[in-house]
Amino acid sequence: MEKESNLTSLLFLLENELECKTDGNSPQELYQLWGVCLYYLYRYYSTNNKKYVDKCIQVYTDAISSIIINKEVSVSLHDGLGGFYFLYLKLSGNMLIEKDDRLETYFSGKLKTSNSNLKLDLIGGVFGNYIITKDKLYLNIAYKLLMQFSTELNLLIESFQKNEGQKELSYKERYFLNTGLAHGWAGKLQFIIRYYNQIKNEFVRNKLIDISNNLYKHIINIRQDNHKLQFPSFALYNQFNVKRLSWCHNDLGIAFSLLIYSRQTNNKNVEAIAIDIVDRTCDLNINDNIGIDDPFICHGTAGVALIYYQIYQITKVTRYYDKSQYWLNISYDLYKKYESSASDIGLLQGLSGLGIAVQYLEGEITCTDWLELIQLKI
């Protein structure tokens, strides 16, 4: 009863906040509205209450009208046009809205013409757009970017080793040396595994195996296995190297990706390393200095709870389920204390993602397609 009360209370407050924040929107908030629509859609699935699907379609329709006349188009998956395309395909596929050929042409055209600006992140990146469109154009782009990334990463690490790291990291260097799930090595390792499973060309598959093995080697080389948190946010030399427990950075995302990698390669040694990383984090709580101060997915407790829960789904180790429930309960407590004016509305760093995450963790929704968008699909 207490869990049901926590969930009901949080969703009631959250929906009131969303109602206030979906009226007048800045350009950034406009592109985050697809996450709000996804929240309403999943709420409809869990309650069968038509008011949620009506709200979803209303917010979606108003947002699309504004986006089409907006000259500055973001193509990002998590806060841009990519997310709206995912939502459009989901709504039209379930016959909640009619298919619109002109809108599909607009979506795919904008995504394709923006290829050169896309990073190799699953969130907002080329593989995210492949997930949405199933257009193999993005796989070809991904292959070229992966080869470029792997070459430049090796050269960069070689350069740092020769110079003993005595230089400031540039923005580009920090991008290449990011270790996390959201933008870094862990995310790219998972990206490669999912990419590998989509293609049949043996030459490309062998290249992907080489890159994934190289990334795994880099990850293991920076492991500090005498600590509970064993990985820095960036790979080298104590620059920008805050250790934290989160979805986006550090140990949990790395452990999840290594677990996926171990299943793909059937490597029990990698699996044991991944489990050891997770086990050490289990001793940490909200009172430790681990960089958590919000209840959301990206940097907060909901993301931590989701990773523990997905690892539990793979391993069936009850300790990980217990940790997911611990961080879920902390999410309820933190949301009550969180300053509502500071709340984002988006999927990763805001209210809609929190709402979807707590429903999933409480078993209220069974949809898992959204987990692929945040690299937690099993």
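Using a Gaussian network model of the chain in which every pair of alpha carbons under 10 angstrom is joined by a spring, one finds that among A63, A272, A142 the greatest mean-square fluctuation is at A272. Reducing region 250-279 and region 285-345 to their Cα centroids gives an inter-centroid distance of 20 Å.
Sorting K110, K21, K316, K144 by accessible area puts them as K144, K316, K110, K21; the probe is 1.4 Å, largest comes first, and only protein heavy atoms count. Dividing the Cα radius of gyration of region 310-378 by 2.2 N^0.38 Å, with N the residue count, gives 1.18. For the listed residue pairs K51/K90; K188/K377; K188/K243; K136/K188; K136/K377; K188/K336, the alpha carbons are over 25 angstrom apart in K188/K336. Accessible area of T133 (1.4 Å probe, protein heavy atoms only, ligands and nucleic acids ignored): about 40 Å². Note on K136: accessible area is roughly 130 Å² with a 1.4 Å probe, heavy atoms of protein only. Against the criterion of solvent-accessible heavy-atom surface with a 1.4 angstrom probe, V317, V304, V204 sort, most first, into V317, V204, V304.
Using heavy atoms of the protein chains and a probe of 1.4 Å, the accessible area assigned to E173 is about 30 Å².
Who wins for biggest fluctuation among N287, N197, N140 in a Gaussian network model of the chain, springs between alpha carbons below 10 Å? Checking each option, the largest mean-square fluctuation is seen for N287. For the chain, modelled as a GNM whose springs connect Cα atoms under 10 angstrom apart, the maximal fluctuation among F107, F191, F296 occurs at F107.
The values are calculated or read from the model by the stated rules, or taken from the named source; none is laboratory data. A quick note: this is a predicted structure, and the numbers were derived from the prediction, not measured. Ligands, DNA and RNA are stripped out before the accessible areas are found, and what is left, the full protein with its side chains, is counted by its heavy atoms. Shrake-Rupley method; radii C 1.70, N 1.55, O 1.52, S 1.80 Å.
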